[in-house]
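> Supplied in structure tokens, the structure appears directly below.
The values are calculated or read from the model by the stated rules, or taken from the named source; none is laboratory data. Because the structure is predicted, anything quoted here is derived from the model rather than measured. Note: ideal-geometry Cβ built from the backbone for every residue, glycine included; neighbour counts use all protein chains shown. Surface areas here come from the heavy atoms of the whole protein model, side chains and all, with no ligands, DNA or RNA. Shrake-Rupley method; radii C 1.70, N 1.55, O 1.52, S 1.80 Å.
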Amino acid sequence: MVKWIGILGGWLLAGQVLAQGHRLVGDQVVVDSGRQWQNWQYAPGTLEFTADGAVRAHRLRKDIDATADIVDYLRLYTPSALAKKKPEEITLLDAVQAGSNRQGVPLALDGDPATYWEPTPPSEGVDLATQWWFVVDLGRFVFARKIVLKFVDEELGDPFLLFDVLVSDGTKPARVVGATSPEYKTVLRMLQPNKSQRLFEIDLQGEDPEVQGEGLRLVQVVVTGSDFSRGRQVAQGEYAALAAGDQGAVEYYKRLADGREIQVDQDIYQDLPAQRQGSIHYFRGERPRLAELEVWTEGDEILSGTLARGGTASAPLQTLSLGGFIDGDLESFSQPFVGVVSLGAENDREIFFDLGSFFWIDSQRLAYGPFRTSFGDYHLEFSDGSRAADGSLKWEVAVERKQTLRGGVRFEANRFDPVRARFFRLKWTLYGTGTGSGGGGATIQLSEIQLYGEGVQPEVVLESDLIRLGGSRNLLNIAWDVQIPPGTQVLIQTRTGDQLAEVQHYFKKDGTEVSEAEYKKLLSVFKGEVTAEEVPGNDWSDWSEPYADPAGSPITSPSPREFLKVRATLRSADPEASAELRALHLRFADPVAQSLVGEVSPVLVDTLGSERGFSLYVRPSFSLTDPGFDQLLLVAPPDMHLEYAGLYRGAEDQMAGVEGVARVPTAGDSLLLSFPLIGPAAGAELVRLDFRTALYSTGVVLQAALQHRDSGAWQRVDPGDASPAIAGNTTTLVGAFRSEALIDEVQVEPALFTPNGDGINEQAVFRFKVVRVGDNSPIQVRLYDLGGRLVRVLAEQRSLSTGLYAIGWDGRDAEGRLVSPGVYCARLSIDTEVEGARVGRENILKVVSLAY
């Protein structure tokens, strides 16, 4: 079971209080329920929540029943008749008008075949059709493919004997001056009494071949005939067993001499002699009950939710009422120019939408106003947000419609291959009307623009509420439970800070949020609540890079911090596949210090591959209750070897060596030191670690952390200004290389070797450095004899290619046989994408001699 939060889902209405989108359990932040995910921030209508507490991207649907989300649309674009109601006060009943039993009409729209609308008994002497009717407002204009009426099963009641179904697009008849009621069109009229048919499907696809459906907003059902008390003839015993309200008419018949029977009144029947008394007919009263009314439409419409999702609409070079194009109301049209008297330098026009989220889109609809004149040539263009070299959006033309201005056009449709899009524009070019056309140019009346698609949204972002950690906390790691089908991805990021700011939200009485300036202009009777929202302050970090390991990734946002937010991005390259995010756990601990700021010196390295000395400076900031630290860890990339040279502490100009330092065994690319506790009482303004290493690439980030052994939690050292005397404020080493070479300092030892089994000079070793390579490209040593024949290929591949190499040759060929004595050529090579974006093959030639 999936719960879809509709058009307004996820938006905080005025006066609502939402639960937290997380819970604190011990030293963890936990998100593991649908209720918590729902209280994250996301574009409304872009997420679905499963019964087992997972969240996933919304799936755009085709062929939907428009009666299922009437309330969502009434709340989104509230009709003037409901303007006094707050959005949360609007119910399905507000979509209904009826001449009889208005309260019961929503029961025919609830998807439950056991509930129904039944008209109340009519007034005598009044036309039935003026009493037994109802109208449903779908909340927006739709393109309907069929209307379905389902009557209750036989044991529950009867179908309507005679009835009509009418539809309206919501507009008033243009030919009637001052008309106040919408114009309706009959799509079904029952002329023969119906006693048995309980399912009616009204096919509307042929009404307009281009749009393949009927444009409508209102559906009216009118009952024009009923058998009232003569619903169905029953036996006397069955009649007696009926409830009083279900007992219908009883007909009495007089038997004539020829055996025929005629109906007579009961009192006449009772006065007849027994031989003249004919049959008695018993009837169950008619129970006209409509179980369901369904309006099946094209599918989920995209543009109507643009503004609610935080998207935008604009029309450069012309002022248009853009909201009217997406509000589901055909009467709210605007008039874009399509022609001008005299063409200027800029004749292209467009209506632009940021959809507020990503969608797969495959069709579009236009609805024109009462003049019924269409665009001429126009383009439909989409963008996924990719940028051209000049920074503008890259556009893909999905439809290039070539046509002249056409009259008598109410609707237009375009279908195309699915495109992944966040942005959409309708683009056209003005034509010259000439001086004889009069006025300022030519316009058309455009009422609605609609977009449709199908499949899981390609990308949806959700962001946690503000997470208060209860004080400054050392953030350790984050793990998440996901289901990731092929073609999908879940990205998790964090940001942190210690300061909060406050944003005021201003609301009208009806719950509509307005700007502060608009609020101040309102009369007091129209002013609603003013609420304050806490938001991240100026010291908050940017979003971290996405974390890699769902089982547990170290937090990279600045830490320790008091406040935290988490962001999840759900992506899918397959419209049929959706990732599910089920739970999230973030671990934290008390910090060893309120902050640890570090920088390395020197930052700039002028020679790659040469060992030299460096210093890492760390400035701790303690509160009186911080435990301090007694271990330091420094980690470099795997191609670097770190040598410990000393640990110092004290004031910047009076640093002394730390006694009792012990180096804990680790891999060569890291240093782990243990030493006596340094804490608030130690008076250590600065800690300095001296070490030696060689840099093989153009830049590397050194990662440092400190911990108190009893806590077992490492606290990261953040890059920053640890010492004013040092320039750089970073833990990144940058290589300023002078050579373009990737393979450097190549030596062959010995130049003459003798693989004769005496244990002396048994092999030749090729020693060299590989620098500036940022991937795992293999290194090859290819050996040739003087005739140019390949003798042997020696290769070594590492996770990171840079570093020192020593590749040995034992004098044997590829088959394991010793080669003949002589001189051989060795070609050292690497084929790689070089840092700096140059791609090529590096080749070095050397000579080696072999003798026995």
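> When the range 369-389 is examined, which residues are found to be loosely packed, with under 13 Cβ neighbours inside 10 Å, part of a loop (DSSP other than H, G, I, E, B) and modelled with pLDDT of 90 or more? Write out each step before concluding.
Taking the range 369-389 as the starting set, the residues that turn out to be loosely packed, with under 13 Cβ neighbours inside 10 Å are 386-389.
Pick out the ones that are also part of a loop (DSSP other than H, G, I, E, B) and you get 386, 388-389.
Scanning the range 369-389 gives Ser386, Ala388.
> Are any residues in the range 144-193 at pLDDT below 95 and open to solvent by less than 10 Å² (accessible area, probe 1.4 Å), and if so, which ones?
Gly157
> Next up: I'm checking my understanding of the structure. Among residues of the range 325-368 that are of a type in the set (Phe, Trp, Tyr) and either within 22 Å of the chain's Cα centre (by Cα) or open to solvent by less than 10 Å² (accessible area, probe 1.4 Å) (or both), which one is nearest to Val71 (Cα to Cα)?
My answer is Phe325.
> Select, from Arg255, Arg287, Arg260, the only residue that is open to solvent by 30 Å² or more (accessible area, probe 1.4 Å), among the basic types (Lys, Arg) and closer than 26 Å to Val135 by Cα. Write out each step before concluding.
Details: Arg255 fails: closer than 26 Å to Val135 by Cα; Arg260 fails: closer than 26 Å to Val135 by Cα.
Answer to the selection: Arg287.
> Considering only residues that are among the hydrophobic types (A, V, I, L, M, F, W, C) and not in a strand (DSSP E or B), look in the range 256-292 and name the one that is nearest to Val221 (Cα to Cα).
From the range 256-292, those among the hydrophobic types (A, V, I, L, M, F, W, C) are 256-257, 262, 264, 268, 272, 274, 280, 283, 290-291; that's our starting set.
Subsequent filtering for residues that are not in a strand (DSSP E or B) retains 256-257, 268, 272, 274.
Numbers: Leu256: 44, Ala257: 48, Ile268: 41, Leu272: 46, Ala274: 48 Å.
So the residue we want is Ile268.
> Looking at the range 587-600, can you tell me whether even one residue there is over 20 Å from Phe563 (Cα atoms), basic (Lys, Arg) and either at pLDDT 95 or above or surrounded by fewer than 20 Cβ atoms within 10 Å (Cβ to Cβ) (or both)? Talk me through it step by step, then tell me what you get.
Within the range 587-600, the first condition is being over 20 Å from Phe563 (Cα atoms), and the residues that meet it are 598-600.
Checking which are basic (Lys, Arg) leaves us with none.
The answer is no, given that none of the residues of the range 587-600 is over 20 Å from Phe563 (Cα atoms), basic (Lys, Arg) and either at pLDDT 95 or above or surrounded by fewer than 20 Cβ atoms within 10 Å (Cβ to Cβ) (or both).
> Checking the structure you have, find out if any residue of the range 301-323 is assigned to a loop (DSSP other than H, G, I, E, B), over 17 Å from the mean Cα position of the chain (by Cα) and farther than 30 Å from Arg75 by Cα. Spell out how you get there, then give the answer.
Within the range 301-323, the first condition is being assigned to a loop (DSSP other than H, G, I, E, B), and the residues that meet it are 302, 306-311, 315-321.
Checking the rest, the ones that are also over 17 Å from the mean Cα position of the chain (by Cα) come to 315-321.
So of that shortlist, the ones also farther than 30 Å from Arg75 by Cα come out as 317.
Yes, that holds for at least one residue.
> Sticking with this one: May I ask you to say which residue of Trp428, Trp395 is among the aromatic types (Phe, Trp, Tyr), farther than 17 Å from Phe359 by Cα and surrounded by 15 or more Cβ atoms within 10 Å (Cβ to Cβ)?
Numbers: Trp395 fails: farther than 17 Å from Phe359 by Cα.
Only one candidate qualifies: Trp428.
> What strands (runs of 3 or more DSSP E) lie completely within the range 571-645 and have 2 or more residues being within 39 Å of the chain's Cα centre (by Cα) and closer than 29 Å to Leu462 by Cα? Break it down into steps so the answer makes sense when it comes.
Numbers: elements: 580-589, 595-601, 611-621, 629-635.
Fully inside the range 571-645 and qualifying: 580-589.
> While we're looking at this one, here's another question. Please work out if Asp137 is in a strand (DSSP E or B) and open to solvent by less than 60 Å² (accessible area, probe 1.4 Å). Spell out how you get there, then give the answer.
On the way: in a strand (DSSP E or B): yes; open to solvent by less than 60 Å² (accessible area, probe 1.4 Å): yes.
Criteria met by Asp137.
> Restricting to the range 601-620, name every residue that is open to solvent by less than 10 Å² (accessible area, probe 1.4 Å) and within 17 Å of Gly720 (Cβ to Cβ).
Leu616, Val618
> Considering only residues that are at pLDDT below 95 and either open to solvent by less than 20 Å² (accessible area, probe 1.4 Å) or aliphatic (A, V, I, L, M) (or both), which ones fall in the range 549-569?
Once the filter is applied, which keeps residues that are at pLDDT below 95 and either open to solvent by less than 20 Å² (accessible area, probe 1.4 Å) or aliphatic (A, V, I, L, M) (or both), the range 549-569 yields Ile555, Ser557, Ser559, Pro560.
> Now a separate question. If you go through the range 745-755 one residue at a time, do you hit one that is open to solvent by less than 60 Å² (accessible area, probe 1.4 Å), without any contact (Cβ under 8 Å) to a residue 40 or more places away in the chain and over 30 Å from Arg495 (Cβ atoms)?
yes
> Return yes when Gly408 is over 22 Å from Ser321 (Cα atoms), more than 26 Å from the chain's Cα centre (by Cα), in contact (Cβ under 8 Å) with a residue 60 or more places away in the chain and open to solvent by 30 Å² or more (accessible area, probe 1.4 Å) and no when it is not.
Values: over 22 Å from Ser321 (Cα atoms): yes; more than 26 Å from the chain's Cα centre (by Cα): yes; in contact (Cβ under 8 Å) with a residue 60 or more places away in the chain: no; open to solvent by 30 Å² or more (accessible area, probe 1.4 Å): yes.
Answer is no for this residue.
> Quick one: Leu107 ticks every box in (1) open to solvent by 20 Å² or more (accessible area, probe 1.4 Å); (2) in contact (Cβ under 8 Å) with a residue 24 or more places away in the chain except a single one, so which number is it?
Tallying (1) open to solvent by 20 Å² or more (accessible area, probe 1.4 Å); (2) in contact (Cβ under 8 Å) with a residue 24 or more places away in the chain, Leu107 fails exactly one: (2).
> Please count how many residues of the range 679-725 are closer than 14 Å to Ser595 by Cβ, open to solvent by 20 Å² or more (accessible area, probe 1.4 Å) and not in a strand (DSSP E or B).
The total comes to 3.
> Okay, moving on. Within the range 804-823, does at least one residue satisfy the condition of being part of a strand (DSSP E or B), under 22 Å from Phe753 (Cα atoms), modelled with pLDDT under 90 and out of contact with any Lys or Arg (no Cβ under 9 Å at 6 or more places or on another chain)?
Yes; the residues of the range 804-823 include at least one that is part of a strand (DSSP E or B), under 22 Å from Phe753 (Cα atoms), modelled with pLDDT under 90 and out of contact with any Lys or Arg (no Cβ under 9 Å at 6 or more places or on another chain).
> From the list Val765, Val793, which residue is over 46 Å from the mean Cα position of the chain (by Cα) and loosely packed, with under 12 Cβ neighbours inside 10 Å? Write out each step before concluding.
Values: Val765 fails: loosely packed, with under 12 Cβ neighbours inside 10 Å.
Result: Val793 is the single residue among Val765, Val793 that is over 46 Å from the mean Cα position of the chain (by Cα) and loosely packed, with under 12 Cβ neighbours inside 10 Å.
> Please name all residue pairs, on different chains or six or more residues apart, with Cβ atoms under 7 Å, provided the first residue is in the range 78-103 and is more than 19 Å from Leu138 (Cβ to Cβ) and at pLDDT 95 or above and the second residue is assigned to a strand (DSSP E or B) and open to solvent by 40 Å² or more (accessible area, probe 1.4 Å).
Hits for this filter: Gly99/Trp133.
> Moving to a separate point now. Can you go through Ala548, Ala479 and tell me which one is within 30 Å of Val701 (Cβ to Cβ) and assigned to a strand (DSSP E or B)? Reasoning before the result, please.
Details: Ala548 fails: assigned to a strand (DSSP E or B).
After applying the criteria, what remains is Ala479.
> Moving on to the next point. Collect the residues in the range 324-362 that are aliphatic (A, V, I, L, M) and in a strand (DSSP E or B), keeping them in residue-number order.
Initial filter on the range 324-362 (aliphatic (A, V, I, L, M)): 326, 330, 338, 340-341, 343, 345, 351, 355, 361.
If the condition is that a residue be aliphatic (A, V, I, L, M) and in a strand (DSSP E or B), then Val338, Val340, Ile351, Leu355, Ile361 are the ones that fit.
> Hey, does the range 653-660 have a residue that's open to solvent by 40 Å² or more (accessible area, probe 1.4 Å) and either aromatic (Phe, Trp, Tyr) or within 28 Å of Gly774 (Cβ to Cβ) (or both)?
For the range 653-660, residues open to solvent by 40 Å² or more (accessible area, probe 1.4 Å) and either aromatic (Phe, Trp, Tyr) or within 28 Å of Gly774 (Cβ to Cβ) (or both): absent.
> Residue by residue through the range 197-239, note down the ones that are assigned to a loop (DSSP other than H, G, I, E, B), open to solvent by 60 Å² or more (accessible area, probe 1.4 Å) and closer than 24 Å to Val105 by Cβ.
Gln197, Phe228
> Of the residues Gly487, Gly497, which is out of contact with any Pro (no Cβ under 7 Å at 6 or more places or on another chain), open to solvent by less than 70 Å² (accessible area, probe 1.4 Å), over 30 Å from Glu89 (Cα atoms) and of a type outside the set (A, V, I, L, M)?
Values: Gly497 fails: out of contact with any Pro (no Cβ under 7 Å at 6 or more places or on another chain).
Just a single option satisfies the conditions, and that option is Gly487.
> Suppose the filter is small (Gly, Ala, Ser), under 26 Å from Val142 (Cα atoms) and either at pLDDT 95 or above or open to solvent by less than 30 Å² (accessible area, probe 1.4 Å) (or both); does Ser321 pass it? Steps first, please.
On the way: small (Gly, Ala, Ser): yes; under 26 Å from Val142 (Cα atoms): yes; either at pLDDT 95 or above or open to solvent by less than 30 Å² (accessible area, probe 1.4 Å) (or both): no.
Answer is no for this residue.
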